[in-house]
Amino acid sequence: MHGEPALGADFKHFPYVNPAVKKGGKINYGVVGTFDSLNSFVLKGMRTTARGVWDPEYGNLLYESLMTRSSDEPFSLYGLLAETVEWDEDRTFIQFNLNPKARWQDGKPVTPEDVIFSFNLLQEKGRPPYNRRLTVVDKMEKVGEHSVRFTFNDKANRETPLIIAMSPILPRHATDASTFEQTSLKIPVGSGPYKIKSIKAGEKITWERDPNYWGKDIPAKVGFDNYDEISVTYFLQDSTLFEAFKKGDVDVYPEGDSGHWTRAYDFPAAQNGDVVKEVFQPGLPSGMLGFVFNTRRPLFADEKVREAISLAFDFEWANKNLYGGAFKRSQSYWQNSALGAFGNAADERELALLGAARDRIDPAILAGTYAMPVSDGSGADRKILREAVTLLKTAGYTINGRKMVDASGKPLAFEVMTQNESQEKMAIAYQRALALIGIDMSIRTVDDAQYQARSNSFDYDMIIKAYTSSLSPGAEQVNRWGSSSRDAQGSFNYAGVADPDIDRMIDALSNARSIEDFRAAVRAYDRLLVDGHYVVPLYHIGEQWVARWKHIGRPETSPLYGYQLPVWWDARAQ
């Protein structure tokens, strides 16, 4: 995206793999939830597709893209289905020259016709963001025997070629376009390293490595796909999943609960070294975990109301009593990186980019000094709660009979939707604080299927979500915060944001030609998101916690993005 890739055209493998790994053995993953689909590219299967089909965590086992990301670089892609690429300086087009060796799992070659078919099908029947990829394309055409060229229109930006390069490619000859939008457990044909061995609907999917996988020797795949068999078992609750891990039925357990990480590993296998606890330090921004306001609801349309309600969450109490003091308060979406606004004052480049929008932003946010208030840890800090009440008065609310009511006497009340015990604990702490100022927050914990359906249709007042932040934010931000995604079912615009200034910043960061312009655009974007009070900021760890059975091996080094499960292996196969 900016500058040159770290690896030259003659690179042999990514720096975070073990190129001499002996392949074989198996790994058993465990997840909470269920599945009823093998198509993750349509709305119905968006969050209920079996893991591994198209999967950033476990690897894209079935389908592949034209190029693939290096996890050691923020914004570089390397060849996968495409052997080489061509483009001009202004990025008005990109041409992918397919690897002549690329094959589908039934032995047929991957062709330019497959690429063209995939983009057309996803535009017609795919879910966001795949159904919008061609809106920036003027012409898509086959060039020669093995190449396909995309010529862009004036809606495209500097990142567009990378987005096209990372899109899924499907087999034209083995995909039924007429039924594509339906969920199905019919086993598809892909070009990836694994085939589906068996399916137990909603409970387990088992993958087996394809011995004829076309790409096993290309540089971007050396050291990957090391197991003969990968299984993913689904559990109804995380506690049940952890018990399966303790027994050895699951091999890897990514941990997200500090109290659990501290206290739960007293079982024999962890004590005798058969289970290994590891902490990884990725070079990534904090991201944002928080209670998300649905601004589509009239109650939360007022920014002052959102700000006041945000103040009431007592992070210091929750961190001490629920999490053993393990966390840091999140202050921005790109905290702990040069892209973040927190701790960095807006410079002239950024102020010029913001233009008139700078006048609407809290001066402390522009100065990089704005932070959520630090409470006395009592769970009832009177000073902060008084500040929240004062803000609500400016929005037309007063306390009457111990209830916060509007001018017509209607109580300020809303519901937060949660999906597990951990979220429920946070919500109860928040509920107690809000009740002190007369706000009635009810809590509704729903099952996984209902949670996904209501998330897709924005059927909630408030929801708890995590927004991961990378060092390469780009067009995907439209699907999170852009005006065009506000009413798009299945988008990640959970807050319902539609703000022309935010749209401008997304456009600016996607079109930046220099790292300086890019950094200024992301910081300006970060400030607008913080100033909008769309999320009640919670916490971040800054570390990755993972427990694994010791027979699962890994490379000595981890890349910028942290540990990468697709390059681990079964040491029993050595």
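The values are calculated or read from the model by the stated rules, or taken from the named source; none is laboratory data. For clarity, every value in this text was computed on a predicted model and none was experimentally measured. Glycine gets a Cβ as well: all are built from the backbone with ideal geometry, and neighbour counts include every protein chain shown.
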Hey, any hits in the range 242-250 for a residue that's in contact (Cβ under 8 Å) with a residue 60 or more places away in the chain and closer than 30 Å to residue 65 by Cα?
-> yes
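Table: residues versus (1) touching a residue at least 12 places away in the same chain (Cβ under 8 Å); (2) within 19 Å of the chain's Cα centre (by Cα); (3) surrounded by fewer than 18 Cβ atoms within 10 Å (Cβ to Cβ).
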site	(1), (2), (3)
292	yes, yes, no
298	no, no, yes
308	yes, no, no
312	yes, no, no
327	yes, no, no
336	yes, yes, no
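Touching a Pro at 6+ places or on another chain (Cβ under 8 Å) and not small (Gly, Ala, Ser): does that describe residue 392? It would help to see each step written out before you state the result.
On the way: touching a Pro at 6+ places or on another chain (Cβ under 8 Å): no; not small (Gly, Ala, Ser): yes.
For residue 392, the condition - touching a Pro at 6+ places or on another chain (Cβ under 8 Å) and not small (Gly, Ala, Ser) - is not met.
Out of all the residues in the range 122-139, which are of a type in the set (A, V, I, L, M, F, W, C) and either under 24 Å from the mean Cα position of the chain (by Cα) or surrounded by fewer than 17 Cβ atoms within 10 Å (Cβ to Cβ) (or both)? Talk me through it step by step, then tell me what you get.
Here is the first cut: in the range 122-139, the ones of a type in the set (A, V, I, L, M, F, W, C) are 122, 134, 136-137.
Once the filter is applied, which keeps residues that are of a type in the set (A, V, I, L, M, F, W, C) and either under 24 Å from the mean Cα position of the chain (by Cα) or surrounded by fewer than 17 Cβ atoms within 10 Å (Cβ to Cβ) (or both), the range 122-139 yields 122, 134, 136.
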Considering residues of the range 177-205 that are outside any strand (DSSP E or B) and among the β-branched types (Val, Ile, Thr) only, the residue farthest from residue 55 (Cα to Cα) | 179
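When the range 377-404 is examined, which residues are found to be of a type in the set (A, V, I, L, M, F, W, C) and either assigned to a loop (DSSP other than H, G, I, E, B) or free of Cβ contacts under 8 Å to residues at least 12 places away in the same chain (or both)? Steps first, answer last, please.
Our first condition is that a residue be of a type in the set (A, V, I, L, M, F, W, C); within the range 377-404, this holds for 380, 384-385, 388-389, 391-392, 395, 399, 404.
Those that are of a type in the set (A, V, I, L, M, F, W, C) and either assigned to a loop (DSSP other than H, G, I, E, B) or free of Cβ contacts under 8 Å to residues at least 12 places away in the same chain (or both): 380, 395.
Among the residues of the range 59-90, write down those that are in contact with a strand residue (DSSP E or B) (Cβ under 7 Å, 6 or more places away or on another chain) and surrounded by fewer than 19 Cβ atoms within 10 Å (Cβ to Cβ). Lay out the reasoning, then the answer.
Filtering the range 59-90 for residues in contact with a strand residue (DSSP E or B) (Cβ under 7 Å, 6 or more places away or on another chain) gives 61-70, 77-87.
Result: 83, 84, 85, 86, 87.
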Within the range 12-36, how many residues turn out to be at pLDDT 95 or above and over 18 Å from residue 74 (Cα atoms)?
-> 15
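Based on this model, can you work out whether residue 195 counts as basic (Lys, Arg), modelled with pLDDT of 95 or more, touching a strand residue (DSSP E or B) at 6+ places or on another chain (Cβ under 7 Å) and crowded, with 16+ Cβ neighbours inside 10 Å?
Numbers: basic (Lys, Arg): yes; modelled with pLDDT of 95 or more: yes; touching a strand residue (DSSP E or B) at 6+ places or on another chain (Cβ under 7 Å): yes; crowded, with 16+ Cβ neighbours inside 10 Å: yes.
It is true that residue 195 is basic (Lys, Arg), modelled with pLDDT of 95 or more, touching a strand residue (DSSP E or B) at 6+ places or on another chain (Cβ under 7 Å) and crowded, with 16+ Cβ neighbours inside 10 Å.
Against the definition (within 30 Å of residue 130 (Cα to Cα) and either under 27 Å from the mean Cα position of the chain (by Cα) or at pLDDT 95 or above (or both)), how does residue 211 come out, yes or no? If you could, list the steps in order and put the result at the bottom.
Working: within 30 Å of residue 130 (Cα to Cα): no; either under 27 Å from the mean Cα position of the chain (by Cα) or at pLDDT 95 or above (or both): yes.
No, not satisfied.
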In the range 161-170, is there at least one residue being buried (at least 17 other Cβ atoms within 10 Å of the Cβ), in a loop (DSSP other than H, G, I, E, B) and modelled with pLDDT under 95?
-> no
Please verify whether the range 362-379 includes one or more residues that are surrounded by fewer than 19 Cβ atoms within 10 Å (Cβ to Cβ), within 30 Å of the chain's Cα centre (by Cα), charged (D, E, K, R) and modelled with pLDDT of 95 or more.
-> yes
Checked 303, 307, 278 against criteria (of a type in the set (Asp, Glu) and within 30 Å of residue 556 (Cα to Cα)); the one match is 278
Search the range 149-172 for residues that are aromatic (Phe, Trp, Tyr) and pair each with any residue that is in a loop (DSSP other than H, G, I, E, B) when their beta-carbon atoms are under 6 Å apart and the residues are at least 6 apart or on different chains.
-> 152/92
Determine which single condition residue 538 fails, assuming it passes every other condition in (1) of a type in the set (A, V, I, L, M); (2) touching a Leu at 6+ places or on another chain (Cβ under 7 Å); (3) surrounded by 22 or more Cβ atoms within 10 Å (Cβ to Cβ).
-> (3)
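Could you identify the single residue in 113, 73 that is farther than 19 Å from residue 214 by Cα and of a type outside the set (Phe, Trp, Tyr)? Spell out the reasoning first.
Values: 113 fails: farther than 19 Å from residue 214 by Cα.
Result of the check over 113, 73: 73.
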Using the structure shown, decide if residue 409 is surrounded by fewer than 18 Cβ atoms within 10 Å (Cβ to Cβ), touching a residue at least 24 places away in the same chain (Cβ under 8 Å), in a loop (DSSP other than H, G, I, E, B) and on the phi > 0 side of the Ramachandran plot.
-> no
Would you call residue 444 in a helix (DSSP H, G or I) and either charged (D, E, K, R) or closer than 27 Å to residue 284 by Cα (or both)?
-> no
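Taking the stated definitions as given, is residue 469 within 27 Å of the chain's Cα centre (by Cα) and crowded, with 18+ Cβ neighbours inside 10 Å?
Working: within 27 Å of the chain's Cα centre (by Cα): yes; crowded, with 18+ Cβ neighbours inside 10 Å: yes.
Against the criterion (within 27 Å of the chain's Cα centre (by Cα) and crowded, with 18+ Cβ neighbours inside 10 Å), residue 469 qualifies.
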Tally the residues that are within 17 Å of residue 528 (Cα to Cα) and touching a helix residue (DSSP H, G or I) at 6+ places or on another chain (Cβ under 7 Å), restricting the search to the range 476-493.
-> 7
In this structure, is residue 388 surrounded by 14 or more Cβ atoms within 10 Å (Cβ to Cβ), at pLDDT 95 or above and under 24 Å from residue 301 (Cβ atoms)?
-> yes
Give the residues of the range 430-460 that are within 26 Å of the chain's Cα centre (by Cα) and of a type in the set (Gly, Ala, Ser), sorted by residue number.
-> 449, 453, 455, 457
Would you mind telling me which numbered condition in (1) in contact with a helix residue (DSSP H, G or I) (Cβ under 6 Å, 6 or more places away or on another chain); (2) buried (at least 17 other Cβ atoms within 10 Å of the Cβ); (3) without any contact (Cβ under 8 Å) to a residue 60 or more places away in the chain residue 97 fails?
-> (1)
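Suppose the filter is of a type in the set (D, E, K, R), within 19 Å of residue 300 (Cβ to Cβ) and buried (at least 18 other Cβ atoms within 10 Å of the Cβ); does residue 461 pass it? Quick ask: steps written out before the conclusion?
Working: of a type in the set (D, E, K, R): yes; within 19 Å of residue 300 (Cβ to Cβ): yes; buried (at least 18 other Cβ atoms within 10 Å of the Cβ): yes.
Criteria met by residue 461.
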Considering only residues that are at pLDDT 95 or above and touching a Lys or Arg at 6+ places or on another chain (Cβ under 8 Å), look in the range 417-454 and name the one that is surrounded by the fewest Cβ atoms within 10 Å (Cβ to Cβ).
-> 440
Going by the conditions given, is residue 555 at pLDDT 95 or above, outside any helix (DSSP H, G or I) and more than 20 Å from the chain's Cα centre (by Cα)?
-> yes
